[in-house]
Amino acid sequence: MRHFWVVGTDTDVGKTMVTTMLMCHLQRQGLQVTPYKPVQTGEVYENGHGYYHDTAMYEKHSLQKLQQEHINSYSLKEAASPHYAAKLEGQSIDVKELLQQIQFLQDAYDIVICEGAGGLFVPFTAPNGTTLLDVIVSSKLPVVLVTRTSLGTINHTLLTIEALRARQIDILGIVFNGDTGSSIEQDNIQTILQYYPIPYAIIPQLKDKSQLMDYAMTHTTLFERLFHYESSIN
Ligand SMILES: Nc1ncnc2c1ncn2[C@@H]1O[C@H](COP(=O)(O)OP(=O)(O)OP(=O)(O)O)[C@@H](O)[C@H]1O
Ligand SMILES: C[C@H](N)[C@H](N)CCCCCC(=O)O
Ligand SMILES: [Mg+2]
């Protein structure tokens, strides 16, 4: 499968960072790539101008012109769980519409990278509680899992992997994000990989975030898997 999700163990773990990096790497291979954030929450105001961090990041770094109507379906003002941010605006999220959009994008692009919102069990609707995980299952697409390196990540990462495996969702690999090089972090990474020896990449904690787009992910086993997969189907 050439299209995939970038999911995380939590909000703020670096999904947008990783989605943007992978988008740029794959665009450099000459592939037509679009990121897609089905639901983003938390409008940011700066100098009287409102924007959303996730789609703004994609647009800032993309090497190809992105079509606004292809990169997002719902942008909700409150920095909250999608179901609640929608409720505050008197809206509800139409999950069928999200799945139709993912299908449409798969037909229109070589690669669609869908970004989750928060972690896997974040609700898109209430009270019937369709979660991000339900949408991933219905999309039948594999995932790249982004996780922290810091203390607490062993439990969060293994729980997330357990939930994915229980639903037969293919995990392409793990991105360990924000590594400061401590011995605890190195042990966290090795411990998780002992349970699930799958392709991975490690991204350091950077003081200057603009450096992230230049970070060479190409020599990691995760990128080799993604790139090998793409070359084998072209
Ligand atoms: N390796 C890193 N070094 C320095 N800063 C980072 C790194 N990774 C992520 N960040 C910063 O951490 C913040 C959260 O990252 P990001 O927006 O990618 O999280 P997310 O998982 O996409 O969150 P959401 O659930 O809101 O989509 C951002 O300000 C981002 O620039
Ligand atoms: C606003 C934030 N950055 C995300 N976009 C939404 C995170 C929802 C998390 C819900 C939860 O797990 O409690
Ligand atoms: Mg994000």
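Annotations
- The fraction of accessible area contributed by carbon and sulfur in the chain is 50 percent, rounded to a whole number (1.4 Å probe; ligands and nucleic acids excluded).
- Cα gyration tensor shape for region 1-85, rounded if a/c is under 1.5, else prolate or oblate: prolate
- Distance from region 131-175 to region 59-111 (C-alpha centre basis), Å: 20 Å
- F227-I184 FRET efficiency (beta carbon distance; Förster radius 25 Å; 0.05 resolution): 0.20
- Solvent exposure of the chain as accessible area per residue, Å², 1.4 Å probe: 48 Å²
- In the chain, excluding the sites themselves, the longest stretch lacking any of the trypsin sites (Lys or Arg not before Pro) that are in a DSSP loop with at most 16 other Cβ atoms within 10 Å is 1-64.
- Cα lying deepest toward the dipole's positive end in the chain, options Q190, M213, S92, charges on Cβ: Q190
- Added length on full extension, which subtracts the Cα-Cα distance from 0.36 nm per residue, K96 to E43: 16.6 nm
- Across region 4-233, Cα pairs under 8 Å and at least six residues apart give a relative contact order of 22 percent.
- Evaluated over the chain, the Cα radius of gyration and Dmax, each in Å: 17.0, 49
- Total formal charge among the other residues, if their Cβ is under 9 angstrom from that of E115, Lys/Arg +1 and Asp/Glu -1: +1
The values are calculated or read from the model by the stated rules, or taken from the named source; none is laboratory data. Here the structure is a predicted model, which is why all the values come from computation and not from measurement. For neighbour counting, all protein chains shown are included, and Cβ atoms are generated from backbone atoms with ideal geometry for every residue, glycine included. All accessible areas refer to the heavy atoms of the entire protein, side chains included, with ligands and DNA or RNA removed. Shrake-Rupley method; radii C 1.70, N 1.55, O 1.52, S 1.80 Å.
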